[in-house]
Amino acid sequence: MNPVLSVRDATKRFGGLTAVNGVTLDLGEGEILGIIGPNGAGKTTLFNIISGAIPPDEGEVIYGGDRIDQLPPHRIAARGLVRTFQVVKPFSGLTVLQNVMVGAFLRRSEHDEAEDHARKMLEFTGLAAQSDRPAKGLTLAARKRLELARALATDPTVLLLDEVLAGLTPTEGAEMVKVVQSIRDGGVSLLVIEHVMAAIMALSDRIAVIHHGELLAIGPPAQIAKDPGVVAAYLGEEFQIAPD
Amino acid sequence: MIRLRKLAQASARDMMVLAVVVAVLALVPFGVSRFTLSVAISALIFALAGIGWNVLSGFAGQFSFGHAAYFGLGAYTVAVTLTRYSISPWLGLILGGLVAAVFGLLTGWISFRFGLKGAYFALATFALAEMLRLTFNNFDFVGAGIGITIPLAGGDDWARIQFEDTPSLQYFVILGLVALSTIAVIAITKSRIGSMMLAVREDEDAASALGINPLRAKLIAIAISGFITALAGGFYTQFLLFIDPDLAFGPFVSVLILLRPIIGGVGTIWGPVLGAGILSVLGEVTRSLVREPPSFLQVIEGVNGLDQVLFGLILIVVIIRAPDGVIGWFHRRRQADTA
Ligand SMILES: Nc1ncnc2c1ncn2[C@@H]1O[C@H](COP(=O)(O)OP(=O)(O)OP(=O)(O)O)[C@@H](O)[C@H]1O
Ligand SMILES: [Mg+2]
């Protein structure tokens with residue numbers, strides 16, 4: 001496996017709480033690596049470390065051959081490593097199209113090119129019909145799609161998706177899974193945090209289990225489902241991992 | 001040239017509106033009194049200053065309560081370069097814009113690096129304008145508290161931007177500056193940098209996650225903003241033929257600058273100009289109402305300052321009814337109609 005992204009012994013403490021504790025993992029080129037774990041396990045914090053939103057206290061993040069763990073978020077995104085937010089952050093005062101154009105402008109300087117590209121992304125994520133609506137009025141499902149369309153418009157090499165299925169109906173979720181799969185087919189490597197077990201098991205090439213900030217296990221879905229450590233630590237808390 | 005043609009195509013509607021607005025405004029000098037013309041000129045001066053304010057505070061979302069700083073720097077640059085070094089006021093306008101842009105970059109860099117936002121940033125801009133006012137008040141080189149009087153130079157009116165015999169030409173100069181700045185703003189709204197400003201205004205974290213450097217976007221906004229507002233200040237000097245620290249940097253100047261875009265519509269292309277139009281008409285109406293009230297309001301005739309009170313009251317009503325400006329109010333009405 002050829003890693004595009006490596007996390008080495010990453011640790012992040014908030015006061016007395018160690019939210020991420022010595023996590024090491026590699027993301028292969030073209031891979032979908034699922035990340036699961038109970039609420040508060042440290043999954044989003046791991047994304048914050050990788051994307052530069054919160055620098056780690058210890059450890060390294062290596063991307064494209066360089067250490068990026070001390071870079072600001074915008075420099076990391078400009079290098080092609082882009083994340084979405086679990087709590088979606090639409091630009092509420094802008095239209096759906098304008099939202100996606102912000103992403104498209106990262107690699108395009110001309111307005112028309114950016115608009116064309118943004119429209120393609122809206123088509124791809126099934127939002128084309130809402131292009132001219134203000135982002136403020138969108139449903140949760142549409143806002144999740146918008147979050148994805150915007151990130152995708154930056155032409156990422158690596159995409160970090162934080163619970164893009166949460167809060168969606170099964171039908172909406174199934175559509176989203178298809179979209180994620182075709183993103184990978186387009187050559188993008190993905191780290192995908194998800195609580196919806198069936199979806200993440202079907203989607204991922206490998207799954208990493210995070211528990212109390214630590215990497216509990218990593219491997220193919222079938223192996224993870226049988227892992228005694230995972231079953232003991234994690235399935236005992238099954239009620240917590242039900243979709244919220 | 002190609003870019004300009006492209007811009008005209010990409011924003012055909014805005015450019016059309018601009019052409020119509022300029023054509024209509026160009027009719028104003030014909031058949032109005034000298035007094036009304038000077039009211040119209042000041043309206044356009046503050047519309048221009050408001051166009052500048054709107055770039056930083058409307059599009060990039062960094063509310064400035066101290067745009068008098070840029071206005072005053074523009075005004076003093078023209079006054080000083082003209083009276084001390086006989087530099088053409090046209091060059092003075094550009095120099096003033098550059099001085100203001102550099103001032104914006106330096107102070108903006110410090111403020112934004114310290115993470116000043118919202119009310120704290122507004123307060124910082126206010127303090128900076130006050131600091132300039134007090135500094136100029138005690139600075140003999142710029143005439144200290146007495147200020148600078150601009151002599152009528154004689155010679156070519158156009159070269160010195162002084163039109164003591166034909167004020168309508170002075171009106172056309174400021175109208176031209178307003179038109180040019182509006183074209184610049186239209187270009188910004190169609191550009192990558194405009195998109196960056198809007199994104200930073202809406203959500204800095206989301207903007208950075210999409211590769212935007214928020215500091216950079218804000219600094220570009222503050223430089224453009226300061227430049228345009230300084231043009232207004234520089235022109236003001238040539239219009240008034242006098243400048244002093246209060247007229248240049250006073251807190252009231254900052255209020256005058258931000259009032260127009262707020263009334264018209266913050267973060268819209270036409271807000272500042274529309275707001276300037278509304279406020280001048282409103283000002284004139286209240287003034288004439290107090291001067292010659294209808295018979296049932298005879299008691300208010302000539303009461304000193306009453307027109308200002310009326311003006312203020314109407315302003316309060318407008319702000320309550322249309323907190324996002326007249327353009328925002330209009331959009332909401334239209335959405336309500338189609339929904
Ligand atoms: N900025 C912060 N300051 C203090 N504590 C934080 C911060 N961010 C996260 N935490 C804490 O760190 C722990 C891990 O949080 P994190 O959001 O990473 O969990 P998660 O695995 O994403 O959970 P969920 O499934 O609920 O999204 C939690 O206990 C959380 O309260
Ligand atoms: Mg989370």
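Here is how the numbers come out for the structure above:
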{"quantity": "Range of Cα positions in segment B:2-256 per principal axis (Å), largest first", "calculated": "57, 47, 29"}
{"quantity": "In Å², nearest 10: area of B:Met131 left accessible to a 1.4 Å probe", "calculated": "100 Å²"}
{"quantity": "222 nm mean residue ellipticity, helices alone, for chain B (DSSP H n ≥ 4; -39,500 (n - 2.57); rounded to 500)", "calculated": "-24000 deg cm²/dmol"}
{"quantity": "Angle in degrees between helix A:111-124 and the longest Cα principal axis of chain A, rounded to the nearest 10", "calculated": "60 degrees"}
{"quantity": "Two-site label geometry, B:Arg291 and A:Gln70: point separation in nm, points 7 Å out along Cα→Cβ", "calculated": "6.9 nm"}
{"quantity": "Probe 1.4 Å, accessible area per residue of chain A, Å²", "calculated": "40 Å²"}
{"quantity": "Chain A: angle of helix A:170-185 to the longest principal axis, Cα-based, in degrees nearest 10", "calculated": "90 degrees"}
{"quantity": "Over 30 Å [Cα-Cα, the protein assembly as shown], rounded percent", "calculated": "59 percent"}
{"quantity": "Selected from A:Ala77, A:Ala149, A:Ala166 as most flexible by GNM, with chain A as the system and alpha-carbon contacts under 10 Å", "calculated": "A:Ala166"}
{"quantity": "Of all DSSP beta bridges in the protein assembly as shown, antiparallel share, percent nearest 5", "calculated": "60 percent"}
{"quantity": "Average accessible area per residue (Å²) across chain B - probe 1.4 Å, nucleic acids and ligands excluded", "calculated": "46 Å²"}
{"quantity": "Accessible area of the protein assembly as shown belonging to carbon and sulfur atoms, whole % at 1.4 Å probe", "calculated": "63 percent"}
{"quantity": "Pairs of lysine residues in the protein assembly as shown - Cα separation under 24 Å, sequence separation of 8 or more or cross-chain", "calculated": "26"}
{"quantity": "Reciprocal mean inverse distance between Cα atoms of segment A:21-80 - Kirkwood radius, Å", "calculated": "12.5 Å"}
{"quantity": "Rounded if a/c under 1.5, otherwise prolate or oblate - segment B:155-276, Cα gyration tensor axes", "calculated": "prolate"}
{"quantity": "In segment A:23-82, the GluC sites (Glu not before Pro) that fall in loop regions by DSSP, at most 15 other Cβ within 10 Å", "calculated": "A:Glu29"}
{"quantity": "A:Asp205, B:Asp14, ranked by accessible area, largest first (probe 1.4 Å)", "calculated": "A:Asp205, B:Asp14"}
{"quantity": "A:Arg13 versus A:Thr95: modelled label distance in nm, points set 7 Å from Cα along the beta carbon direction", "calculated": "5.1 nm"}
{"quantity": "Accessible surface buried once A binds B (1.4 Å probe; total of both sides; Å²)", "calculated": "1900 Å²"}
{"quantity": "Accessible area of A:His212 in the full protein assembly, 1.4 Å probe (Å², nearest 10)", "calculated": "140 Å²"}
{"quantity": "Computed [θ] at 222 nm, deg cm²/dmol, chain A (DSSP H ≥ 4; -39,500 (n - 2.57); rounded to nearest 500)", "calculated": "-10500 deg cm²/dmol"}
{"quantity": "Heavy atoms of B:Ser88 accessible to a 1.4 Å probe, total area in Å² rounded to 10", "calculated": "50 Å²"}
{"quantity": "Within segment B:135-228, chymotrypsin sites (Phe, Trp or Tyr not before Pro) in DSSP loop having at most 14 other beta-carbon neighbours inside 10 Å", "calculated": "B:Phe139"}
{"quantity": "Segment B:2-256, relative contact order in percent, only Cα pairs under 8 angstrom and at least six apart counted", "calculated": "41 percent"}
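The values are calculated or read from the model by the stated rules, or taken from the named source; none is laboratory data. These numbers come from a predicted model, not from an experiment. Neighbour counts run over all protein chains shown; Cβ positions are idealised from the backbone, glycine included. Surface areas here come from the heavy atoms of the whole protein model, side chains and all, with no ligands, DNA or RNA. Shrake-Rupley method; radii C 1.70, N 1.55, O 1.52, S 1.80 Å.
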